[in-house]
1. If I compute solvent accessible area with a 1.4 Å probe over the protein chains, what percent of it on the chain is carbon and sulfur?
2. Under 22 Å between alpha carbons, and skipping anything fewer than 8 positions from Lys74 in its own chain: which lysines qualify?
3. Only loop residues by DSSP count here, and only those with at most 11 other Cβ atoms within 10 Å; note down the trypsin sites (Lys or Arg not before Pro) in segment 1-85 that meet that.
4. Give me the accessible area of Thr186, 1.4 Å probe, in Å² rounded to the nearest 10.
5. Enumerate the amide H contacts of His7 below 5 Å, restricted to partners 5 or more residues apart or on another chain; note that Pro and chain-start residues carry no placed amide H.
6. Between Leu46 and Phe195, take the C-beta separation as r, use R0 = 45 Å, and let me know the FRET efficiency to the nearest 0.05.
7. Which lysines have a Cα less than 20 Å from the Cα of Lys208, not counting those fewer than 8 places away in the same chain?
8. Just how far, in whole angstrom, is segment 113-129 from segment 26-75 if you go by their alpha carbon centroids?
Amino acid sequence: MEHFIAHTFLVHPHPLECEAVADWLRKITYVELVGKGSSLEHLIQLPYIKDIDVIVVFAHQTVNLAEKILKIRKLHPRLKFLLLAPSPSTESVREIVRSGVSGYIVFESELHEWELAFRAVSQGRVYYGQEVMLRLAESSVEPFIVEPEPTTKDFLSKREVEILRLVANEYTTTRIASELCISDKTVESHRRNLFQKLGVKNSVGLTKIAVRMGVV
């Protein structure tokens, strides 16, 4: 049973597709679709914008998208954005993520991933699809610093390598626990150890390291 309602606004530039997505959202028990529009500019004019929890944005073009989202979030910082867009370039993905989107997946994602992303964002968590995560990994936070390539034997136990691989493949804590036959608490303990050992603060950082190690 769901214990929350996500008041949701849908932004989609194509009317027929917009209505199809709207119908899908209405079938989700914890979603209340409060409106839909063709652009983010339309969103800014809404008199009830303060009552919205999640903005689902279908963006076929990402030019100036980060700037528009950032502008809205400065006015309404509690709004959460879930972005569905074409496969991002390495150059653009960091800009969009820095705008403050809580979720970012590509159009080609399976419907199951759309559902995972929406649930995560509506519950106040962050969800980036695998392709987005890999683009972030390619785009170094400090591009002018050459970091030594880490090796698993220098840093991690066999179990930590397993958990790193599953985190990079977007497994949840519960799913990792089930996969490895350990408790959720143990998974979180290993995750904290990974953050400390690898010097990162979130799953994006873990995925970057996993890619460099060749774990995924």
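1. Of all accessible area on the chain, carbon and sulfur atoms account for 54 percent.
2. The qualifying lysines are Lys36, Lys50.
3. Lys27, Arg78
4. Looks like 50 Å² after rounding.
5. Here Glu32, Asp53, Val54 satisfy the definition.
6. Values: r = 39 Å, r/R0 = 0.86.
Here the calculated transfer efficiency is 0.70.
7. List returned: Lys153, Lys158, Lys197.
8. 15
The values are calculated or read from the model by the stated rules, or taken from the named source; none is laboratory data. Remember, predicted model here, so these are calculated numbers, not experimental data. Ideal geometry is used to build each Cβ from the backbone, glycine not excepted, and the neighbour counts take in all protein chains shown. The protein model used for the area step is the full one, side chains on, heavy atoms only, and it has no ligands, DNA or RNA in it. Shrake-Rupley method; radii C 1.70, N 1.55, O 1.52, S 1.80 Å.
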